[in-house]
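Here is the structure we will look at.
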Amino acid sequence: MRPVLASLSVIAAALTLAACETTPAPVVEAPAVEAAPSGDYAQLMDDLRILSADDMQGRDTGSEGGAKARDYIVGRLEALGVQPSPMGRLQPWEMLGRTREGTKTYNGTNIIGVIPGTRVADKYIVVTAHYDHVGVNDGQIFNGADDNASGV
C-alpha cells in the first residue's frame, strides 16, 4: 500500500509543477499620468480668508452672510471659467430642521459648476463641499474656516 501512496504523491507533485506558469507575465507599461495643476496657493488662501471672515457672519444657511458667501463663490467660479450645469448655476432647496426652540424651515442654495472631461465624455467625477456653517450664536461669530470654507 505504501508504494501506491508514494506513486500518487509523485504524480500529484508532477501535476502541480506542470500546472505552474514558468514564463514571466509580459510587462505592460502604465499610461503616463499628467501632473495635476499646481493652482494658485495665494488665491486659495485669499478665498479661505474671505469665506471665513467676520463679515460673512458664519455663513449660516439662509442668512445674509450665507448669501454673500454664495455670491462670492459664484463669482470665483465664473472668473475661473467653470460652466454652470445645463439646469443653471444655482439650485434652491428647502428643508425642515430641528433647533433648540423647535423646528425651522431652512432655505439654501446649491451652487453647481461643470468642468467637461477631456478623454471620456460619458463619465463624471463629482466634487462637493458645503459652504454654509453655524453662523452667529449668542453674538459670537463661528467663522468656519475648517467647516467648510477650506473645502470650498
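The values are calculated or read from the model by the stated rules, or taken from the named source; none is laboratory data. Nothing here was measured: the structure is a model prediction, and the numbers come from that model. Counting neighbours? That spans all protein chains shown, and the Cβs are built from the backbone with ideal geometry, glycine included.
Being at positive phi and at pLDDT below 85 holds for only one residue in GLY88, GLY151, GLY81, GLY58, and it is GLY58.
Selection of the stretch 77-86 for residues being surrounded by 13 or more Cβ atoms within 10 Å (Cβ to Cβ) and more than 18 Å from the chain's Cα centre (by Cα) yields only GLU78.
How many of the residues making up the stretch 51-60 are under 21 Å from the mean Cα position of the chain (by Cα) and either part of a helix (DSSP H, G or I) or among the acidic types (Asp, Glu) (or both)? So that I can check it myself, show each step before the final result.
Residues of the stretch 51-60 that are under 21 Å from the mean Cα position of the chain (by Cα), as a first pass: 51-52, 59.
Pick out the ones that are also either part of a helix (DSSP H, G or I) or among the acidic types (Asp, Glu) (or both) and you get 51, 59.
Looking only at that region, the number is 2.
Which members of the stretch 87-106 meet the condition of being surrounded by 12 or more Cβ atoms within 10 Å (Cβ to Cβ) and either assigned to a strand (DSSP E or B) or touching a Pro at 6+ places or on another chain (Cβ under 6 Å) (or both)? First the steps, then the outcome.
If we filter the stretch 87-106 for residues that are surrounded by 12 or more Cβ atoms within 10 Å (Cβ to Cβ), which is where we start, we get 89-91, 104, 106.
Selection gives LEU90, GLN91, LYS104, TYR106.
Just one of the listed residues (GLY144, GLY135) is touching an Asp or Glu at 6+ places or on another chain (Cβ under 7 Å) and in contact (Cβ under 8 Å) with a residue 40 or more places away in the chain, and it is GLY135.
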